[in-house]
C-alpha cells in the first residue's frame, strides 16, 4: 500500500501541472476603482497567461510598453513580474477593503491552473 502511494506521489511530481510553483506572496494594491496585482509568478517553463479569474471582481490583463493596453494574453518567460514597475499588469475592478483576502485563479496556455490568495493593501 505504501509503495502505491509513493509511486502515485512520484508521478504527480513530474506532471506539468504540478511544476507550476506557487507565486511568492501576491498582494493587491488598492487603487481608485479597483486593485492591481503586485508580485511575481514563477513557472517551471515558458508559457502564456491567458487570464486571471476572481469572484471579487472583473480582471484585465495589461501590457505596458510604454502605454498600457488591454491584451488577451501575456507571455511568461519562466518568471512574470506584475505591478506598477513591470511591463505586465493584472487589474481587478470592484470595491475592495484593506485586509480583504481575494482568491485568484491563473489560467495558462498549456492547461495549467494556479490558484492563490492575495491580500488587499494600500
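Values quoted throughout were computed directly from the atomic coordinates according to the rules given, and no laboratory measurement underlies them. Remember, predicted model here, so these are calculated numbers, not experimental data. No Cβ is skipped: glycine too gets one built from the backbone with ideal geometry, and neighbour counts run over all protein chains shown.
Remarks
- As a proxy for reagent exposure, ranking 58, 67 by other Cβ atoms within 10 Å from fewest up yields 67, 58.
- Convex hull per residue volume in Å³, alpha carbons only, for region 19-121: 87 Å³
- Each of residue 68 and residue 109 was given a label point 7 Å from its Cα along the Cα-to-Cβ line. The distance between the two points is 2.4 nm.
- Among 89-96, 31-38, the peptide with the highest mean count of other Cβ atoms within 10 Å heads the list, and the full ranking is 89-96, 31-38.
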